[in-house]
1. What number of residues within the range 190-205 are in contact with a His (Cβ under 9 Å, 6 or more places away or on another chain) and either in a strand (DSSP E or B) or basic (Lys, Arg) (or both)?
2. Among (1) within 16 Å of the ligand (Cβ to nearest atom); (2) over 20 Å from residue 323 (Cα atoms), where does residue 10 come up short?
3. Would you confirm whether any residue within the range 289-299 is in a loop (DSSP other than H, G, I, E, B), closer than 22 Å to residue 136 by Cβ and among the charged types (D, E, K, R)?
4. List pairs: first in the range 55-72 and under 7 Å from residue 35 (Cβ atoms), second assigned to a strand (DSSP E or B) and among the β-branched types (Val, Ile, Thr), Cβ under 7 Å, 6+ apart or cross-chain?
5. Starting from residues that are of a type in the set (S, T, N, Q) and in contact with a helix residue (DSSP H, G or I) (Cβ under 8 Å, 6 or more places away or on another chain), keep the ones in the range 42-71 and report whichever is surrounded by the fewest Cβ atoms within 10 Å (Cβ to Cβ).
6. Just the residues that are over 23 Å from the mean Cα position of the chain (by Cα) and assigned to a strand (DSSP E or B), please, taken from the range 248-288.
7. Does the range 28-53 hold any residues that are part of a loop (DSSP other than H, G, I, E, B) and touching a residue at least 40 places away in the same chain (Cβ under 8 Å), and which are they?
8. Restricting attention to the range 92-117, report how many residues are more than 10 Å from the ligand (Cβ to nearest atom) and buried (at least 18 other Cβ atoms within 10 Å of the Cβ).
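The values are calculated or read from the model by the stated rules, or taken from the named source; none is laboratory data. All values reported here derive from a predicted model rather than from experimental measurement. Using ideal geometry, Cβ is built from the backbone for each residue, glycine included, and neighbour counts are taken over all protein chains shown.
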Amino acid sequence: MIFDETYRPFLEAVRRVPLYSAETGPVGVVLAGVASRTGTRAAHYLKEHSTRLGAFRNYAGPDSVTDLLASDLHAVCVATPDDRHFAPARAALAAHKHVLIEKPSVLTLTDLDALLAAAGQNHVLAKVVYHKLLDPDHKKLRTLVVDRVLIHVNNGFCSLLEPKSISGGQFSEWIRGRNPGTYVAVHYLKLIDFTFGPSWSLDRVTATGQRGLVGPPDGTTWDSVQLQVVYRHPDNREAAFDIHTSWVTPDNFPGYVEQEVQFRFDNAVWNAHQRKRGVELAVEKRTPSELKNTPNYHYNAAFLEPWGERSQRGYGIEVIERFFREVAFVEYGGPADQRDERLRQMRSLTYNDLSADRNCVAIVQAMEAILAKAAAGVPGCLVKVNGPDGGLALYEPRNATPTILYSGRV
Ligand SMILES: NC(=O)c1ccc[n+]([C@@H]2O[C@H](COP(=O)([O-])OP(=O)(O)OC[C@H]3O[C@@H](n4cnc5c(N)ncnc54)[C@H](O)[C@@H]3O)[C@@H](O)[C@H]2O)c1
């Protein structure tokens with residue numbers, strides 16, 4: 001799904017017009033190969049899109065990633081299901097490839113540490129896709145925070161509700177034992193962490209949710225998740241955020257995906273709705289399924305440009321292009337003996353570098369552990385971050401002895 005929405009349009013566009021900057025000159029990007037479980041959809045692309053994508057190698061099956069990494073390429077994008085990012089990402093880094101991983105990057109801090117070590121040892125970039133940071137509304141939110149127009153965030157809520165077709169169709173192959181929080185709450189976790197940090201510290205995490213639609217009511221597959229994260233500002237005041245996610249909203253919901261945020265500051269309130277940005281559309285027999293009633297054309301849409309060209313663009317595609325610009329800068333942005341300095345500069349970009357993903361991964365790991373405990377009959381757990389017992393310590397109700405999820409500092 002995400003390949004078709006964002007990677008394909010980027011790769012098609014860059015094949016026509018190479019990346020360019022004053023430091024690098026023109027840099028061509030071509031899709032060298034694809035590794036997947038069955039190779040079916042890649043074969044479809046080779047048949048239907050090869051004129052725009054070029055002829056790439058299609059590797060399928062259990063050895064597909066190994067085969068892909070043995071071929072001649074510089075960068076690897078990992079867009080496997082949430083709990084299958086780590087192995088291909090580590091293998092790619094070990095093979096000296098720059099790596100871009102779909103959110104959530106990985107599900108545990110131990111895995112994150114391993115990827116950071118591999119990127120360091122092999123002198124390559126390890127980055128994660130958070131396209132919401134490139135949404136113009138979120139860029140403006142952060143600009144207003146940095147410029148101290150919005151002062152001192154205190155609390156807020158975010159909701160991201162996906163339709164039933166996601167849990168029942170698109171993800172049905174790997175959804176068993178999974179939850180919608182890991183998959184989509186991370187969008188807002190990163191938005192909060194990046195926009196209002198880094199001076200504050202993550203303090204604690206709680207979560208609950210509902211079951212019974214995607215799987216049995218007493219099983220490990222979740223329909224919806226309500227997550228609360230609490231940060232502590234340097235002045236010791238706390239900030240709390242509630243993030244509600246679901247993948248069981250009706251398929252005929254007007255916008256398909258429902259996304260809303262509200263942040264409250266000492267002096268301000270910020271309200272935003274991802275799809276109610278002004279356009280409302282009704283077309284007989286085509287909305288709300290094929291066309292959306294309240295579309296978000298800023299994320300990703302196909303356009304006829306005023307100058308006659310057909311294009312597909314938006315911040316969902318721009319974020320992929322940025323990664324390749326960063327790779328191009330490292331490899332071609334100056335003399336070879338200054339590559340390490342260029343690598344350092346690109347690693348210091350906290351919007352996408354894995355080294356800046358610690359809080360998000362910590363929250364995901366904590367949330368998954370809390371949900372697992374609830375599924376095992378112990379609801380109501382809390383994870384304390386960087387407390388006296390370790391980096392991530394899970395406390396069950398009425399039990400003073402924590403389970404240590406991660407002993408190092410988050
Ligand atoms: N940025 C976003 O807004 C966004 C949106 C959707 C999905 N995503 C992320 O992208 C990732 C993929 O989601 P999707 O919706 O594209 O899923 P999808 O099910 O459409 O595609 C997953 C692909 O991974 C392949 N795959 C599965 N296991 C594999 C393995 N072991 N080795 C090699 N290939 C394997 C499958 O063959 C399939 O092609 C997820 O991590 C998801 O969270 C991000």
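1. 1
2. Against the list (1) within 16 Å of the ligand (Cβ to nearest atom); (2) over 20 Å from residue 323 (Cα atoms), residue 10 comes up short only on (2).
3. yes
4. Hits for this filter: 59/34.
5. Only one residue tops the list, namely 66.
6. Matches in the range 248-288: 264, 265, 269.
7. Selection gives 29, 32, 49.
8. Adding up the residues that qualify gives 15.
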